[in-house]
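*Asks:* This is the structure I want to talk about, given as structure tokens.
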Amino acid sequence: MKTLRSILSGPKSLSISVIFFTIAFSQVSAETILLKNGEKTYGTVIDQSTDTVTILKETKRQTLAKSQILKIIFKEIKDEAELAKLFDAEKKKLNKDGKKSEKEEQLDTILLEQMIKENSYKAVQKRLALIEKYIDEQDSSWEEYISANRNPWEPVWKSAILPGWGLSTMKHDNYARAYQIAIGLSIVVAIGGSQAATEQHNKAGNRLSKILFEDPVTYAQIQGSGITGASIVVTKMQSDSISEYNSFKSKEGQYENYSRAGLYMGVGLYLVQLAQSYFLGQKWATHNIIQTPSGEAVKEGFNFKSNYMPIAAGGASNLWEYRTDLRYVSTF
């Protein structure tokens, strides 16, 4: 697995007492910090300024004034007797102004710089290990995905076969799902609208058949019965039949509009996701670009290059020619 390494430089000045222990451990160490007022605290020294020291304590940053610090020990000490002995020993090294000699302060500065470097390096390593673990848990194929040789047209033909597939290949899963859902709904609307329009068309056809062939017989029977107001009844029935027929035709037209709208939207979204797959694919495949020592951009594999150039430089010649080069580029 590929790893990243960082070397963080420590600061350049400090005037407090430090003991540096070179010990091996897998996690970031915790220092014991003795204060001049007799108290103690634990934390990881990660930075300093002219007047302060920054420690990491239970994932939170805390700033301590250098004037309050008696000693920083590069290990975690819980034994009270040992702490009391160290406290007394350090107190004796202070002069009447509460300071150590210049030589000891310089040594303390060097030791603390090394301490901060060590802690910074281990903090970075620990964070990188957590990041790699998280990425592996999310997608175990991430290293293969990053290092694979990419063809910018791959997302396009994949999206042409299955909408969103090419975008998903480039890890644009949100776009892929959005297009798949939207295109899927468009297809449902198009098919559903078409089926509903067909149903209304059949109903209108049946209604028209009755108007033309069945209803006239019924109307004749009613008018021949001699019932008072038979003509009014027949007229009302004719009006209702025509109104029902027109209703079916109107609904048929509405559902056809819905079907066309769904179809147009689906086709439009299909073309849009193809275009997006193309443009994102160009960027997605840029890691295949290699720069030669002369600064020319090429790709690994076969490279074709054509130039239209004059046959001879200078002079009065106006003769030009095409030159085509075929090269194979590999990295090692």
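*Asks:* Taking the condition part of a helix (DSSP H, G or I), farther than 30 Å from ALA148 by Cβ and within 56 Å of the chain's Cα centre (by Cα), does ASN206 pass?
*Replies:* No.
*Asks:* Quick one: which of ILE183, ILE110 is under 18 Å from ALA275 (Cβ atoms) and in a helix (DSSP H, G or I)?
*Replies:* ILE183
*Asks:* Tell me yes or no: at least one residue of segment 80-87 is at pLDDT below 80, over 17 Å from ALA30 (Cβ atoms), part of a helix (DSSP H, G or I) and open to solvent by 40 Å² or more (accessible area, probe 1.4 Å).
*Replies:* Looking through segment 80-87, none of the residues is at pLDDT below 80, over 17 Å from ALA30 (Cβ atoms), part of a helix (DSSP H, G or I) and open to solvent by 40 Å² or more (accessible area, probe 1.4 Å).
*Asks:* Pairs only if they're at least six apart or on different chains, beta carbon under 8 angstrom, first in segment 74-100 and farther than 19 Å from GLY43 by Cβ and touching a residue at least 60 places away in the same chain (Cβ under 8 Å), second open to solvent by 80 Å² or more (accessible area, probe 1.4 Å) and not small (Gly, Ala, Ser); list them, first residue then second.
*Replies:* LYS100/LYS93
*Asks:* Which ones in segment 21-46 are open to solvent by 10 Å² or more (accessible area, probe 1.4 Å), at pLDDT 80 or above and either among the acidic types (Asp, Glu) or not in a strand (DSSP E or B) (or both)?
*Replies:* Passing the criteria: LYS36, ASN37, GLY38, GLU39.
*Asks:* Looking at (1) surrounded by 13 or more Cβ atoms within 10 Å (Cβ to Cβ); (2) more than 30 Å from GLN238 (Cβ to Cβ); (3) touching a residue at least 24 places away in the same chain (Cβ under 8 Å), can you tell me which one ALA196 breaks?
*Replies:* (2)
*Asks:* Now for a separate question. Just to be sure before I move on: is ALA182 touching a Phe, Trp or Tyr at 6+ places or on another chain (Cβ under 9 Å) and at pLDDT 90 or above in the structure I sent? Show your work before the answer.
*Replies:* Values: touching a Phe, Trp or Tyr at 6+ places or on another chain (Cβ under 9 Å): no; at pLDDT 90 or above: yes.
So ALA182 fails the test.
*Asks:* Let me ask something else. Do we find a residue being closer than 30 Å to LEU274 by Cα, hydrophobic (A, V, I, L, M, F, W, C) and surrounded by fewer than 16 Cβ atoms within 10 Å (Cβ to Cβ) anywhere in segment 115-132?
*Replies:* Start the filter on segment 115-132 by keeping residues that are closer than 30 Å to LEU274 by Cα, which leaves none.
Checking segment 115-132: not a single residue is closer than 30 Å to LEU274 by Cα, hydrophobic (A, V, I, L, M, F, W, C) and surrounded by fewer than 16 Cβ atoms within 10 Å (Cβ to Cβ).
*Asks:* Next up: Look at segment 149-167 and say how many of its residues are within 22 Å of GLY184 (Cα to Cα), within 20 Å of the chain's Cα centre (by Cα) and either of a type in the set (S, T, N, Q) or not in a helix (DSSP H, G or I) (or both).
*Replies:* 3
*Asks:* May I ask you to say which residue of ASP108, ASP51 is loosely packed, with under 13 Cβ neighbours inside 10 Å and either in contact with a helix residue (DSSP H, G or I) (Cβ under 9 Å, 6 or more places away or on another chain) or within 15 Å of GLU31 (Cα to Cα) (or both)? Step through it out loud before you land on a result.
*Replies:* Numbers: ASP108 fails: loosely packed, with under 13 Cβ neighbours inside 10 Å.
Going through ASP108, ASP51 in turn, the sole match is ASP51.
The values are calculated or read from the model by the stated rules, or taken from the named source; none is laboratory data. The structure displayed is predicted, hence computed values, not measured ones. When we count neighbours, we look across all protein chains shown, and the Cβ atoms used for this are built from the backbone with ideal geometry, even at glycine. When the accessible area is computed, the model is the full protein with side chains, heavy atoms only, and any ligands, DNA or RNA have been set aside. Shrake-Rupley method; radii C 1.70, N 1.55, O 1.52, S 1.80 Å.
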